[in-house]
Structure formats: structure tokens, C-alpha cells
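Engineer: Take this structure, written in C-alpha cells, and hold onto it; I'll ask about it next.
The values are calculated or read from the model by the stated rules, or taken from the named source; none is laboratory data. Since we're looking at a predicted model, the values are computed, not measured. Heads up, the Cβs are rebuilt from the backbone with ideal geometry, glycines too, and the neighbour counts pull from every protein chain shown. These accessible areas exclude ligands, DNA and RNA; they are computed on the full protein's heavy atoms, side chains included. Shrake-Rupley method; radii C 1.70, N 1.55, O 1.52, S 1.80 Å.
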Amino acid sequence: MKTFISDNFLLHSDFAATLYHDYAKSLPIIDYHSHLPQDQISKNHVFKSLTEIWLKGDHYKWRAMRVLGIPEKFITGDASDQDKFNQWAYAIPHTMRNPLYHWTHLELLRYFEIDELLTPETANKIYKTANEQLNTPQFATRSLLKRMNVEVVCTTDDPIDSLCDHLSIADQRTGIAVFPTFRPDRSFAVEDAAAYNTYLNKLEVATNTEIQSFDALLKALQKRINYFHECGARLSDHGLEHFYYPSAKDSFNPERLFQKLKQQISLTVEEIHFYKYSVLLELGRMYHAKGWTQQFHVGALRNTNQRLLKSIGPDSGFDSIGDFSQGVSMSRFLNELDITNQLAKTIFYNLNPSDNEVIATMTGNFNDGSVKGKIQFGSAWWFLDQKDGMEKQLNTLSNLGLLSCFIGMLTDSRSFMSFPRHEYFRRILCNLIGEDVKNGELPADEKWLGQLVSNICYHNAKEYFNFKN
Ligand SMILES: [Zn+2]
């Protein structure tokens, strides 16, 4: 039995098929935001089973399994790899119309050339066939990246990270550029004063400095930015519920708040917002000075389920789309950086699709003719990273900005098996343009539209980030 994933999967016109097969398909992948474990790249890890590479750490799959009433033992618990896989195989037919159904079969096909549907009946055969391949050096992490035509991967790293794995990967001359990304969320996570002090201690060790003042904190962060830059970092990333712009800016002082935190005194909500704003503003100026790109992931409502958070931990499938107000504080924050001409290249990813238009128009406010596509409305993220969400992001961007300047897709994944998401995106992009041509809304100029597609899938990102060779 062949899967439904044919050569022209998601491509509903001849023009779309030409765009995909002749212009998009074989371009390398620049995966500029991911959470791949650096140590598994540096050690060229070989996976022992399909469960390990595919189910471990994948909260999308875990959520689906919980909907079906599958006991946690088979999801994140101590059941065997084989039993966990069998439960996933049982779940799969039930995931029809969820993106998991497409991703699953695309991944089986692209990594293992398995073109059978995953069902309880085919589970054992598929598990065996995939595991036989996985246990060979041809399926070690770096081979998997090469198999998927990955040119650049950016991981996500805390300022205190030594980046020893990145140094080791660079030394090994693997042929794949793996760069760190500066993710300083803990440097402004001041909701818990005790935890913040523990973090400051670690930052002191990492920078070999004493951090007894707000100014010293900024100097320590600058030191780490310099180090990350030497290791090839050209991006930072931040996860925020929303931007912060304090209403009573003059009545706060970051140094005074820093000293309160040092004395383990909790800050008020307004003080917390002011502190975050102060750190983010100074970081923004540092990124600009380095020529970096700053990324902001906004709008997630995290850790909603206390009971399961306590037993299973964060990032395990208990987060959802938040309904925070984004526009006003975002515009003021950007303006504050722009007013002194210190606004770095910026990418926004929003989790609430009702903010699509807000974000897409906001980006236009701060493009200043210095860089092509300087402020980007980022690719559909997390819950929106599916066909409908991607089409909505592409359509909003087309209507309110310039699709032609878009830097395209990223996996944002912890898994080495997520790279067919780029193929999924490319097919959806080509199909949208093909539909316009079919409807007479765009001229059938293959060369022009083919170039545009290849820019969005590869060349725009390459030019925008300017990674070191
Ligand atoms: Zn991410």
C-alpha cells in the first residue's frame, strides 16, 4: 500500500508543481531557529529506536495521546520503547486532519522510505524497519542533517552555556554550520527573587565577574554576547507573554530594583515589568551594535496545569495560546530603540492568530530602508505551524507587507526528524502562488515566480543573517 503522500502532495495546480519541483525542492535548508540538542550533534549520536528519536520530547504527540486517554506511563512514563511506539501507532489513525497525521507519514517516507500508513496493524513492521536503519552510522545525527540537505542550524542557548559542543562541532569540520543563539530569558526572569539570585551566581561564574549592580549585570551579558558572537551567533531569542512598556517610567530605577532582588525582596508586578523592559532595552542596543537579529516569541500562556506540571515538568504539553494585548507596548518598545537608531533586525512570532494583522502592520512601522526586510513577521509558530496557520501567515504578510522579502521557514524543533516541515512549508507556499496563477490573479511567469519562491525558501535568509563562513 502506498501512502497518500504523492509527488504532488498539497500541490493543486501544474504551476504549483513546477514551482515546487523545479525551484523549491532541492534548495538547502537554513534552520535559523531550533532547539536541537547540541551534544547530540557534537557526539554524532546514534538513536537506539524510533521511539527515542520520534516520541521522546515531542509534546505535540503527547497531547494527542492524552486526548485519546492513553495512560501517561506510555507517553512520558516508564513503559518500554516498543510499548510507547505501539500506543503511538494506535493513536495515529485518530489524528486525521491534525498536522501530526501529515507530518508522521512525511517523516516516515523521507527518512526511512516507508510508504505505508502507520496503524496498529503495520506498527511492528514499521518499528523494525525504521530501527534497523536508525542503528547504523548513516542515521547518526549529522548524517540525518545532511540527508535533509541542512546547511545551517541555529540552536537555542542560555548566556551561561559554555558552548563547548559548538566549539567541538566547529573543530570537527562536519560540513554543517551549527551556530548558537543567545536566549537570555533567565536574565530578566525576576518573578522569583531566590531563583534569580541563583541564576546571577551562575552568570558570575560564567563571566568570571562579580554582579553586584544592574550595571555589572549588563557588563556580564555584554561579555557573553561577545563570546557568543565569536562562536558564530548572529541571533538572539526571547519568549515573552507580551512586550513591556511601563506607564510610569520615571518612578522606577533598575538599579534600585536590582538591589531589592539581591536582598531577596519580591518585586511588584509593575516593578517586574519595568525590570524586564530595562534589561530587554539594553540587550536590544547590544544586539544592534553587533549587527545581530533579535527574535521575539510572544503570546504563549505557559504551565497552565499545576498538577501535571508538578509530576511531568515544563514544556510537556500544558501550554496554550494566550490572549494578551500586544500592539501598544510592542510599538513603544520598538520606538524606544529606534529613537536612537539602535533597533536591530527583528523577527516577531505570535502565537495568537488574531494578532496576525497587528504584527504584520507593526513590522512596517520600523522598516527604515537600511536592510531588506529588516523587521520580519515570522513564520507561523507552534500551534499555528500547520497548513491553515501557515496560509494565514503568508496571506496576511502578502496583504500587509511584502511576501517577496520573507525569510521563510524554521523548525523550532527539538527533534532531528522535523526537517520535512520545510518541505511542508515549501509545498504550501508554492500551492498558494500556483492558485493565484490558476485564478488569473498573478501572471504565469515561471522564471519570476520561481526566483521569488527560491528567495523565500533560501536566499532571503542567507542574505539577511549573513552567517560567518
Ligand atoms: Zn523556539
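Engineer: What whole-number value in cubic angstrom gives the convex hull volume per residue for the C-alpha atoms of the chain?
Structural biologist: Taking the convex hull of the Cα positions in the chain, it is 148 Å³ per residue.
Engineer: Same structure again: Which lysines, if any, have their Cα less than 16 Å from the Cα of LYS468, not counting same-chain residues under 8 positions apart?
Structural biologist: Within the straight-line limit of under 16 Å, LYS468 reaches these lysines: LYS290.
Engineer: Leaving out ligands, DNA and RNA, and with a 1.4 Å probe, what % of the accessible surface on the stretch 31-164 is carbon or sulfur?
Structural biologist: 51
Engineer: Right, next: Rounded to the nearest 5, what % of DSSP beta bridges with both residues in the stretch 254-394 are antiparallel?
Structural biologist: Looking only at bridges with both residues in the stretch 254-394, the antiparallel portion is about 20 percent.
Engineer: In addition: Using label points projected 7 Å from each Cα along Cα→Cβ, tell me how many nm separate ASN439 and LYS468, to one decimal.
Structural biologist: Distance between label points: 4.7 nm.
Engineer: Quick one: length gained pulling GLU113 to LYS56 fully straight, 0.36 nm per residue minus the C-alpha distance?
Structural biologist: 18.4 nm
Engineer: Starting at the first residue of the stretch 138-143, write each ³J(HN,Hα) from the Karplus equation 6.51 cos²θ - 1.76 cosθ + 1.60 with θ = phi - 60°, in whole Hz, x for Gly and Pro.
Structural biologist: Rounded to whole hertz, the list is 5, 10, 5, 3, 5, 5.
Engineer: Sticking with this one: For GLN376, which sequence-distant residues (separation of 5 or more, or a different chain) have an amide H within less than 5 Å of its own amide H, given hydrogens modelled in the peptide plane?
Structural biologist: Here THR346, ILE347, PHE348 satisfy the definition.
Engineer: Compute the length gained on full extension between GLU191 and ARG332: take 0.36 nm times their separation in residues and subtract their Cα-Cα distance, giving the result in nm to one decimal.
Structural biologist: 48.5 nm
Engineer: Please report the antiparallel percentage of the DSSP beta bridges confined to the chain, to the nearest 5.
Structural biologist: Percentage antiparallel, nearest 5: 10.
Engineer: So, taking all protein chains as they sit and a 1.4 Å probe, how much accessible area belongs to SER418, in Å² rounded to tens?
Structural biologist: Surface open to solvent at SER418 totals about 10 Å².
Engineer: Something else now. Quickly rank 420-428, 257-265 as a protection proxy: mean count of other C-beta atoms within 10 Å, highest first.
Structural biologist: Result, highest mean Cβ count within 10 Å first: 420-428, 257-265.
Engineer: Quick one: which of 344-351, 299-306, 3-10 comes out on top by average Cβ neighbours within 10 Å, and what's the full order, highest first?
Structural biologist: So the peptides 344-351, 299-306, 3-10, ranked by packing, come out 344-351, 299-306, 3-10.
Engineer: For LYS48, list the lysines whose Cα falls under 28 Å from its own Cα; do not include residues on the same chain fewer than 8 positions away.
Structural biologist: Those lysines meeting the cut-off are LYS2, LYS56, LYS61, LYS73, LYS84, LYS125, LYS128, LYS146.
Engineer: Still on this model: Could you look at the stretch 396-465 and say what percent of its accessible area is carbon and sulfur, using a 1.4 Å probe and all protein chains?
Structural biologist: Whole-percent figure for carbon plus sulfur exposure: 49.
Engineer: Tabulate in residue order the Karplus-calculated ³J(HN,Hα) for the stretch 343-348, using 6.51 cos²θ - 1.76 cosθ + 1.60 with θ = phi - 60°, rounded to whole Hz; enter x for Gly and Pro.
Structural biologist: With coefficients 6.51, -1.76 and 1.60, one gets 8, 6, 3, 9, 10, 10 Hz.
Engineer: Moving to a separate point now. How long is the gain from THR209 to LYS372 if the chain were fully straight, where each residue apart is worth 0.36 nm and the alpha carbon distance is subtracted?
Structural biologist: Taking 0.36 nm per residue and subtracting the Cα distance, the gain is 54.8 nm.
Engineer: May I have the pair-distance distribution P(r) for the stretch 110-247, computed from all Cα-Cα distances with 10 Å bins from 0 and rounded to whole percent?
Structural biologist: With a bin width of 10 Å, the distribution comes to 10, 28, 24, 19, 15, 5, 0.
Engineer: According to a simple spin-label model (label point 7 Å from Cα along Cα-to-Cβ), what is the distance in nm between GLU241 and ASN399?
Structural biologist: In this crude spin-label approximation the distance works out to 2.9 nm.
Engineer: Bins of 10 Å, beginning at zero and ending with the bin holding the largest distance: percent of Cα pairs per bin for the stretch 357-398, please.
Structural biologist: 30, 48, 21, 2
Engineer: Tell me, how many Å apart are the Cα centres for the stretch 230-290 and for the stretch 25-70?
Structural biologist: Comparing the Cα centres of the stretch 230-290 and the stretch 25-70, I get a distance of 32 Å.
Engineer: When the helices in the chain are scored as -39500 (n - 2.57) per DSSP H run of 4 or longer and the sum is shared across all residues, what 222 nm value do you end up with, to the nearest 500 deg cm²/dmol?
Structural biologist: Mean residue ellipticity at 222 nm (helix-derived): -14000 deg cm²/dmol.
Engineer: Something else: What are the residues whose amide H is under 5 Å from the amide H of PHE179, where those residues sit 5 or more places off or on another chain and H is modelled from the backbone?
Structural biologist: Amide H neighbours of PHE179: VAL153, CYS154, THR155.
Engineer: Additional query: Based on the mean of other Cβ atoms within 10 Å per residue, sort peptides 384-390, 27-33, 122-128, 137-143 so the most packed one is first.
Structural biologist: 27-33, 384-390, 137-143, 122-128
Engineer: Nearest 0.05, what FRET efficiency do VAL67 and LEU301 give at R0 = 25 Å with Cβ-Cβ as r?
Structural biologist: Efficiency, from the Cβ-Cβ distance: 0.85.
Engineer: Ignoring ligands, DNA and RNA, what percent of the accessible area of the stretch 186-312 is carbon or sulfur (1.4 Å)?
Structural biologist: 49
Engineer: Another question, then. Quick check for the stretch 184-289: number of Lys pairs with alpha-carbon distance under 20 Å, counting only pairs 8 or more apart or on different chains?
Structural biologist: 13
Engineer: Please work out the average accessible area per residue across the chain, using the 1.4 Å probe convention, and give it in Å².
Structural biologist: Accessible surface, normalised per residue, equals 42 Å².
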